[in-house]
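The structure under discussion appears below in the form of structure tokens.
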Amino acid sequence: MADGVNRPAVSDDGRAPAAAPTAIRTGRVARTTPLLSMGARTGLGRVGVLLRPGTTETRRRNAFEFHAKTAERYVSLLGGMKGALMKVGQLLSFVEAAGLVPEEYGPLYQQALSSLQADAPPMEYAAVSAVLEAELEAPPEELFDRFSPYPIAAASIGQVHAARRGDRELAVKVQYPGVADAIAADLANTDLLASLIGFGAKALPGFSTKVDIRAVVEEIRDRVGEELDYEVEASNQAEFAALYRDHPFARVPQVFPELSTRRVLTMEMVDGRRFKAACESDQALRDRWGEAILRFVYGSLHRFLLFNADPHPGNYLFHEDGTVTFLDFGCVKRFTRQQEQVFVQMENAVIERDAKGLHDAVVALGTLPNPDSVSPQRLLDWYLPSCDPILEPGPYTYTREWAASEVRRQYDPFNEWKDVSRQFAIPKDLLFLGRITIGLNSVLGLLETTCDARSVGDELRMGAPPVTELGRLEAEWLGRRGAA
């Protein structure tokens, strides 16, 4: 969930709070019917556009209008649902950011879906106050010295308010009333989630998935179910905050457990640039921020066997000193050391162009059920482009085009690699690994980060000496941490 914490854009001047969104639908039929209807309408609409007679210019104009309306309907439908549907909708919208929509229609979806990536329609202050009083046994006026009635961020499961207690500036995330029931209905309804994924394929041309729908639904149940419990998120965030305490460039906000419950999460307020502003910043800063994100993601995996599994643009705050604040720990994936070693084996095999070593690692990971279905050399040839950033030492520039080509190459069932991609069956335990990889590549591509990804990878996987400035800073921090 993209609950990015930032200073409020409005002051507490007594103006009426934002209007409440439409009441959350909780019934299975009530939540399935609009989606199925829209999915059918979208599919028929695309066929109609393709078959409608007219000049090339007319057909192009009709297609443009169709995609504009589809993007608006998509956001309108999902933005008011606030449940697992909204969560999956955000995932699809982020995949779109990687460039899966045809170039001529991209700006339409980017503009419309950006509202899913950042802010959903807010709830009114009276509802926020009622949740706080029910959870913490006091209204916000008694709990805090100041509490803004205006949300500074709103997303799929809750919204964030600025507050102050003593000399501490705080961010208070409050869960939407009724969202638990809505999500329970979503998670219990396989047809509903399958329909949304199918609708995403219709609304976002070029997107397809090679994973088993039952595995998708099961993993979404586990991960979104955890995100619903802010006590789990608070525990995850506190764990990351402890692991990264005094880190030179990765920040994790402190959690206040005495002001946190299952439906309320209170943490320190952090100032910073949001993602759009970061993308417009100087190249040197974007390079530093990108390497910081790369190190945080893969450093957490190799050192601590942890993945913060939501690499979403709204989950970062960027600072002038080159540091990055990481937000939203509701979806954390844990791996075993054995799995981590297989990941290391895979990357080493690709770098060394060891076809058999890569094939053995992929089979060991459980992603190639029939080992004889793909030859080792064909598998290596398919996998090599995914490792472009680390194949050779030296600076590498991530681009949106590369991130988009990676998604198409791995997931498009009609491209030249379909004989390979169709053989993969992603185990439930690894489903969100793809989400992390796609998300990270897209974030770095949109930032257009240039960094020595090879040296970073060698350092994190193999313990090689640091080459970059951030690597040396991190090595010093690790030394101090180990000595403490």
Query raised in the report: Picking from Gln345, Gln410, Gln339, which residue would you name as being within 30 Å of Glu231 (Cα to Cα), surrounded by 16 or more Cβ atoms within 10 Å (Cβ to Cβ) and either in the same structural domain as Ile438 (by TED's automatic domain parsing) or without any contact (Cβ under 8 Å) to a residue 12 or more places away in the chain (or both)?
Result: Gln339
Query raised in the report: What single numbered condition from (1) farther than 25 Å from Ala475 by Cβ; (2) at pLDDT 95 or above; (3) not in a loop (DSSP other than H, G, I, E, B) fails to hold for Val232?
Result: (2)
Query raised in the report: Looking at Leu431, is it buried (at least 16 other Cβ atoms within 10 Å of the Cβ) and modelled with pLDDT under 90?
Result: yes
Query raised in the report: Among the residues of the stretch 309-324, is any modelled with pLDDT under 90, touching a strand residue (DSSP E or B) at 6+ places or on another chain (Cβ under 6 Å) and within 28 Å of Val160 (Cα to Cα)?
Result: yes
Report summary line: Of the listed residues (Glu340, Glu347, Glu352), the one being charged (D, E, K, R) and touching a Cys at 6+ places or on another chain (Cβ under 7 Å) is Glu347
Query raised in the report: Out of all the residues in the stretch 383-405, is one or more farther than 26 Å from Asp458 by Cα, out of contact with any Leu (no Cβ under 9 Å at 6 or more places or on another chain) and surrounded by fewer than 18 Cβ atoms within 10 Å (Cβ to Cβ)?
Result: no
Report summary line: The condition of being assigned to a loop (DSSP other than H, G, I, E, B) and at pLDDT 95 or above holds, among Ala138, Ala171, Ala163, only for Ala138
Query - From Arg263, Arg288, residue being at pLDDT 95 or above and not assigned by TED's automatic domain parsing to the domain that holds His161 - result: Arg288
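Among the residues of the stretch 414-428, count how many are in a loop (DSSP other than H, G, I, E, B) and touching a residue at least 24 places away in the same chain (Cβ under 8 Å).
From the stretch 414-428, those in a loop (DSSP other than H, G, I, E, B) are 414-417, 422-427; that's our starting set.
If we keep only those that are touching a residue at least 24 places away in the same chain (Cβ under 8 Å) too, we end up with 417, 422-427.
Total meeting the criteria: 7.
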**Report entry** Single condition Gln237 does not satisfy, out of (1) surrounded by 22 or more Cβ atoms within 10 Å (Cβ to Cβ); (2) among the polar types (S, T, N, Q); (3) without any contact (Cβ under 8 Å) to a residue 40 or more places away in the chain
**Finding:** (3)
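The values are calculated or read from the model by the stated rules, or taken from the named source; none is laboratory data. None of the values given here were measured: they were computed from a predicted structure. No Cβ is skipped: glycine too gets one built from the backbone with ideal geometry, and neighbour counts run over all protein chains shown.
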